[in-house]
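Notes to accompany the following structure.
The values are calculated or read from the model by the stated rules, or taken from the named source; none is laboratory data. Everything quoted here is computed from the prediction, not taken from an experiment. Neighbour counts run over all protein chains shown; Cβ positions are idealised from the backbone, glycine included.
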Amino acid sequence: MRRKVLGLWLLLLVVCGLIAARTNYRTDMGDFLPHSSSMAQQVLAGQVNGGAASHIVLLSLSGAPMPVLATLSDTLATSLRKQPGFLDVMNGGDASFAGVQNYVWQNRYLLSPGVTAAKFSAAGLHAALESDLSVLNSELGLALGQSLPSDPTGEMLLLLNQFSTTTGPAQQNGVWAAPDGSAALLLIHTAAPGFDLDTQQQALAQITTQFASSRAATPGAAAAALQMSGPGVFAVHIRDTTKADVSRLSMLALLGAAGLLAFAYRSPRVLLLGLLPIASGAFAAIAAVSLAFGFVHGITLGFGVTLIGESLDYAIYLFTQTGRGERPGETLSRIWPTLRLGALTSSAGFCAMLFSSFTGFAQLGLFSIAGLVAAAATTRFVLPHFVPQDFFAGGADTLAKPLHVLIRHKRAGRGLLVTAFIAAIILLLLHRGGMWDGNLLDLSPISASDQRLDQTLRQDLAVPDQRYFAVFTAPDEQQALQKSEALAPVLNGLVAARELGGFDLPSAILPSQATQRADQAALPDAATLHENFAQATSGLPFNPTAFAPFFKDVVAARTAPLLTAASLPPALALQYDSLLTRNGSSWVVMVPLHDVIDPAGIASVLKKSGPDFVDLNQESDRLLGNFQHQAVMLAVAGSLAILLLLWLGLRSVQRVVAVAAPLAAAVTITAAVLTLGGAKLSIFMVAGFLLIVAIGSNYCLFFERSQPGTKEYPRAVASIVLANLCTVAAYGLLSFSRIPVLHDIGLTVALGTFLSLLCGALLSTKPAP
Amino acid sequence: MQSLAQTRSASADFTERQTSPVLSAPLISTGTLTYTAPFYLRKTTASPTPEDFVLDHDKITLTSSQAGGTRVFTVNQDPRIAGLVEGIRGTLAGDLPALETFFNVSLSGNVTNWQLQLLPKTPALARFLRSITINGHQNDIDIIDTAGADGGDSRMSIRPITDAP
């Protein structure tokens, strides 16, 4: 029997381990969001995660006079352009726009919205040449006149005006610079999207290395410093912080808990055995989530392990409650009903999460349930076989002494507790508004100074705000482009009416095939063009032979292969892909709208012509609101499920009250203390409350089941105290984390479980016989 | 340079003769120049086609009856425009640092007949501009010669109307 059980456990562990090893781990926030959200939300999530904006790295070079910084900027940009991993490197210098300008120049007759048959007739060309004459005459004649032999109809100027709707960053010494001249600025698009952390990290390392060598090569730049910002920079930074915090704090937490256990057990072997349930639970949990969802989210993994921390307690209950000379199997059959009810109660609490529309919550629910069930089963069927003969946790009683003092003064303690509870309720009732943390950025692990740097750089580099979008769908790419072309006059009208600063349409980068064909058909053949041009120059002081490049380019454009997405240079391809994305069987076009003056007015204009007007801030507020609402609903549903299960297990309202009342008191006082401390309730704290109930319910169940005066009673109390001290040590250390999730959970759980211990001792303990 | 910087405001008539490889005959234009130190410059062309060019700080407004309405640029939008415009404005304002951002500057002659030569520093500017040469006496500018890289050039002759020191 023993061999069969152990064999089965090992087999399951290996299977789960294999699944875990082959699991697809994702860190993309989009995968954590609701699976039933609107199309706009899904596309926006994709935009935030993988859109062109996520490839951006902003650089600031400072600490030297501007002329030195300008040289440094050029040297750095030139060396970065030679590196793989960057789609384009822009510093305001000439080469910054070469790729895009080249594409636009080469394909001006297919791209320009100004190509019509009338324009290339004798009369049309005559009008164009008259206009050219006045340009030549103007102050800018020398600059603008250069392209006349190739482009007398001015297509390039038309296209450039269409491409650059904003004035762009300030320039000093030929490069982009902060307005006060304190820094040279660069804008880089990495080949890897912001969430591809390993590749991002390589790209950032390349930038740092190239900066160091460029600085060494630039005279007078020794004191120059580099600052970087952007989604990828943040993501890598967060990962580093998380890694450092998690490894450092969890190591400390482990040491703290292990120290307490070593003191109580005085047996290294038993100490290690205590890790078996949680380790088996984690493997089973990963396997279960992987099988059910097809992937495991990074947050599920990190957060889930803290949720099944309760399973460390299972081993503690078993080891500590084993009396002198008692066989572990005997102890187990004595405490198993309580342990089982505790594990089922917690699972019931997490069960509500399974039904969340947030994939992340649903994953966490399944992770916790699978983990706890596997850990309880490991405790029940596997652990007893490994405990050494005559094991006795000798040190545990010492740890429990203060609690026995509290229990002896139960009456006074209860009075104090009731007072604290009432005070907590009054405090929470009096607290007006602002209890919820409504700012999404407060949840972000990015420090306030990093956020400020990012805002300044974006402003100085005139990176357009990605808040408002016109969104529409089409069954295929060509129809999407045609719809985009039809939208151009509507948006141009809004720009002319000064309601809108600018916009980016995919059809401006790549016109539909139909439009390109129409453009080709509008261009005359070589003979007709020469004849029209000869007529057009009559009466004007032009020298027709100077326009040979124009004749050649027009004739070539007539039969040139049509442009496709593959023709685009990298920077434009990136932009095109983020403007026009495939979503299942349909194509979604997201048109960023810049400098929106009157959102409501634009929304109504757009509505008439088809596209939806989307406000990203509103969407993310709605998402956050939904997130909070769900978190509260899950906590309430989980609590109800726990009460129901307790009633099923205990079959007595009185006993359910004895177990549930201390938990209610502990959670209420915790919430009041956190609010008093100035903390705003975050969704992570709500998850923490659920965890308090899950862990605390075990304490109360054991208090409620143990009869003071029996020989088992001190062992039970000792096991609860030991379990709680380990929890407080571990979660208390997490509260020192710089990551909001870990900090909030750590603080809430450490405080709440400790209060559960006190409340349970005072309220759940049976009267002495 | 210092004496040029003393000029607070000035108006002048100009005649400009322009050649270009695309032109079969030179273009002659006339009009007035108005300058208020140090950031305002206006060039109003009367013939052959009325046109108005205004530089105010870094904003350029170009109004033309023929080229179709008004266009607004900023100087920094295009390094070519920046170089060309700063070359003239910097000379009028006697703003040597601004000139040296874009040009290698050399001065020759004496007070009664001086010559200022501007050679583009950056490749972007050199690609279309070979040089700007300014001839003058005391704190007056007489002739501005601009040589383009494509072989075209322009000579602007200036005759002051009023002169407020």
Residue selected from region A:104-148 under the condition assigned to a loop (DSSP other than H, G, I, E, B) and more than 52 Å from the chain's Cα centre (by Cα), by the criterion surrounded by the fewest Cβ atoms within 10 Å (Cβ to Cβ): A:121
Per-region count, region A:320-350, residues within 21 Å of residue A:399 (Cβ to Cβ) and small (Gly, Ala, Ser): 2
Options B:147, B:67, B:124, B:82: the member that is surrounded by 14 or more Cβ atoms within 10 Å (Cβ to Cβ), modelled with pLDDT of 90 or more and within 11 Å of another protein chain (Cβ to nearest Cβ): B:147
Selected residue (only one of A:411, A:380 is of a type outside the set (A, V, I, L, M), more than 20 Å from residue A:760 (Cβ to Cβ), assigned to a helix (DSSP H, G or I) and without any contact (Cβ under 8 Å) to a residue 60 or more places away in the chain): A:380
Scope region A:371-418; condition of a type in the set (Ser, Thr, Tyr) and at pLDDT below 90; matching residues: A:398
From A:657, A:632, residue being without any contact (Cβ under 8 Å) to a residue 40 or more places away in the chain, under 28 Å from residue A:685 (Cβ atoms) and either aromatic (Phe, Trp, Tyr) or surrounded by fewer than 18 Cβ atoms within 10 Å (Cβ to Cβ) (or both): A:657
Condition broken by residue A:182, with the remaining ones in (1) surrounded by fewer than 19 Cβ atoms within 10 Å (Cβ to Cβ); (2) of a type outside the set (A, V, I, L, M); (3) under 31 Å from the mean Cα position of the chain (by Cα) satisfied: (3)
Long-range neighbours under 7 Å by Cβ, at least six apart or interchain, first residue more than 7 Å from every other protein chain (Cβ to nearest Cβ) within region A:120-149, second among the small types (Gly, Ala, Ser) and part of a helix (DSSP H, G or I): A:120/A:522; A:122/A:536; A:124/A:118; A:125/A:536; A:126/A:536; A:129/A:536
Only one of A:684, A:689, A:703, A:736 that is of a type in the set (Phe, Trp, Tyr) and assigned to a loop (DSSP other than H, G, I, E, B): A:736
Residues being more than 14 Å from chain A (Cβ to nearest Cβ) and farther than 12 Å from residue B:158 by Cα - total across region B:1-39: 13
Residue in region A:460-470 that is over 25 Å from residue A:625 (Cα atoms), modelled with pLDDT of 75 or more and surrounded by fewer than 14 Cβ atoms within 10 Å (Cβ to Cβ) present: no
Positions within region B:13-35 being under 14 Å from the mean Cα position of the chain (by Cα), buried (at least 17 other Cβ atoms within 10 Å of the Cβ) and not acidic (Asp, Glu), in sequence order: B:14, B:18, B:31, B:33, B:35
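For every residue, the table says whether it meets (1) touching a residue at least 24 places away in the same chain (Cβ under 8 Å); (2) under 33 Å from the mean Cα position of the chain (by Cα); (3) on the phi < 0 side of the Ramachandran plot; (4) surrounded by fewer than 20 Cβ atoms within 10 Å (Cβ to Cβ).
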residue: A:215; (1), (2), (3), (4): yes, no, yes, no
residue: A:239; (1), (2), (3), (4): yes, yes, yes, yes
residue: A:243; (1), (2), (3), (4): no, yes, yes, yes
residue: A:263; (1), (2), (3), (4): yes, no, yes, yes
residue: A:273; (1), (2), (3), (4): yes, no, yes, no
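Residues checked against (1) more than 14 Å from every other protein chain (Cβ to nearest Cβ); (2) under 30 Å from residue A:496 (Cα atoms):
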{"site": "A:546", "(1), (2)": "no, no"}
{"site": "A:553", "(1), (2)": "yes, no"}
{"site": "A:598", "(1), (2)": "yes, yes"}
{"site": "A:612", "(1), (2)": "yes, yes"}
{"site": "A:616", "(1), (2)": "yes, yes"}
{"site": "A:628", "(1), (2)": "yes, no"}
{"site": "A:632", "(1), (2)": "yes, no"}
Which numbered condition residue A:359 fails, given (1) surrounded by fewer than 24 Cβ atoms within 10 Å (Cβ to Cβ); (2) at pLDDT 90 or above: (2)
In region B:40-59, residue farthest from the other protein chains (Cβ to nearest Cβ) [restricted to those that are more than 14 Å from residue A:141 (Cα to Cα) and of a type in the set (A, V, I, L, M, F, W, C)]: B:46
Qualifying residue in region B:11-32 (condition: farther than 30 Å from residue A:545 by Cβ and at pLDDT below 85): no
Extreme residue, surrounded by the fewest Cβ atoms within 10 Å (Cβ to Cβ), among residues of region A:149-165 that are modelled with pLDDT of 85 or more and polar (S, T, N, Q): A:150
Residue match in region A:662-680 (condition: assigned to a helix (DSSP H, G or I), on the phi < 0 side of the Ramachandran plot, modelled with pLDDT under 85 and crowded, with 23+ Cβ neighbours inside 10 Å): no
All positions within region B:112-148 that are in contact (Cβ under 8 Å) with a residue 60 or more places away in the chain and over 14 Å from the mean Cα position of the chain (by Cα): B:138, B:139
Criterion (within 21 Å of residue B:31 (Cβ to Cβ) and in a helix (DSSP H, G or I)) met by exactly one of B:84, B:125: B:84
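Quick grid of which residues meet (1) at pLDDT below 85; (2) in contact with a Gly (Cβ under 9 Å, 6 or more places away or on another chain); (3) crowded, with 18+ Cβ neighbours inside 10 Å; (4) more than 29 Å from residue A:340 (Cβ to Cβ):
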{"position": "A:640", "(1), (2), (3), (4)": "no, no, no, no"}
{"position": "A:649", "(1), (2), (3), (4)": "no, no, yes, no"}
{"position": "A:683", "(1), (2), (3), (4)": "yes, no, yes, yes"}
{"position": "A:695", "(1), (2), (3), (4)": "no, yes, yes, no"}
{"position": "A:698", "(1), (2), (3), (4)": "no, yes, yes, no"}
{"position": "A:701", "(1), (2), (3), (4)": "no, yes, yes, no"}
{"position": "A:706", "(1), (2), (3), (4)": "no, no, yes, no"}
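Could you tell me whether residue A:294 is surrounded by fewer than 20 Cβ atoms within 10 Å (Cβ to Cβ), in contact with a strand residue (DSSP E or B) (Cβ under 8 Å, 6 or more places away or on another chain) and within 30 Å of residue A:193 (Cβ to Cβ)?
When the stated conditions are applied, residue A:294 does not pass them.
Yes or no, residue by residue, for (1) β-branched (Val, Ile, Thr); (2) touching a helix residue (DSSP H, G or I) at 6+ places or on another chain (Cβ under 6 Å); (3) more than 16 Å from residue A:184 (Cβ to Cβ):
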position	(1), (2), (3)
A:207	yes, no, no
A:219	no, no, no
A:236	yes, yes, yes
A:239	no, yes, yes
A:242	yes, no, yes
